[in-house]
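Enquirer: My questions will all concern the structure given below.
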Amino acid sequence: MEDVPEEIDELPKSETELIALARRLIALLTDNPKFAGLPVSADELRRCLDKFIAARNADTAAQVALIQAEAEVEKAFNELQEFECRLAKTGGKSSVSPMLWN
């Protein structure tokens, strides 16, 4: 096959390289009678690639959501600390007179 590594040493080392190779293979295999009867069809390879990309995207989204959640926790924690510091400075006493109900 043209453009396909023939030796193990030439196989992709990164996700980007692997995706590019899979796309080249899909293009070579699609509607090419020379490769009829191979153990893996272009459609199977495309489904596998799509599944991988979807899983990678979901992982990225989960990582982003985690970073955002951690930032919200830190913000809420800082607000709580600030409130407690302000309360401690007043000795726990309010500068507002309590409302008396008759």
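Enquirer: When we measure straight from the Cα of Lys89, which lysines land under 24 angstrom away, once same-chain ones fewer than 8 places off are left out?
Expert: Within the straight-line cut-off, Lys89 pairs with Lys75.
Enquirer: Please work out the FRET efficiency for the pair Lys89 and Ile67, using the Cβ-Cβ distance as r and a Förster radius of 35 Å; give the result to the nearest 0.05. Let's see the in-between values first.
Expert: Details: r = 33 Å, r/R0 = 0.95.
Efficiency, from the Cβ-Cβ distance: 0.60.
Enquirer: Please enumerate, by chain and number, the aspartates and glutamates with C-alpha under 18 Å from the C-alpha of Lys13, excluding those fewer than 8 residues away in the same chain.
Expert: Straight-line reach from Lys13, under 18 Å: Asp3.
Enquirer: If you build the convex hull over the alpha carbons only and average its shadow over all orientations, what do you get for segment 8-89? Give it in nm² to one decimal.
Expert: Values: hull surface 33.2 nm².
Hull-based average projected area comes out at 8.3 nm².
Laboratory data are not the source of any read-out in this text; all were calculated from the coordinates shown. Just so it is clear, the structure is predicted and the values come from calculations on it, not from any experiment. So basically every Cβ, Gly included, is an ideal-geometry build from the backbone, and we count neighbours across all protein chains shown.
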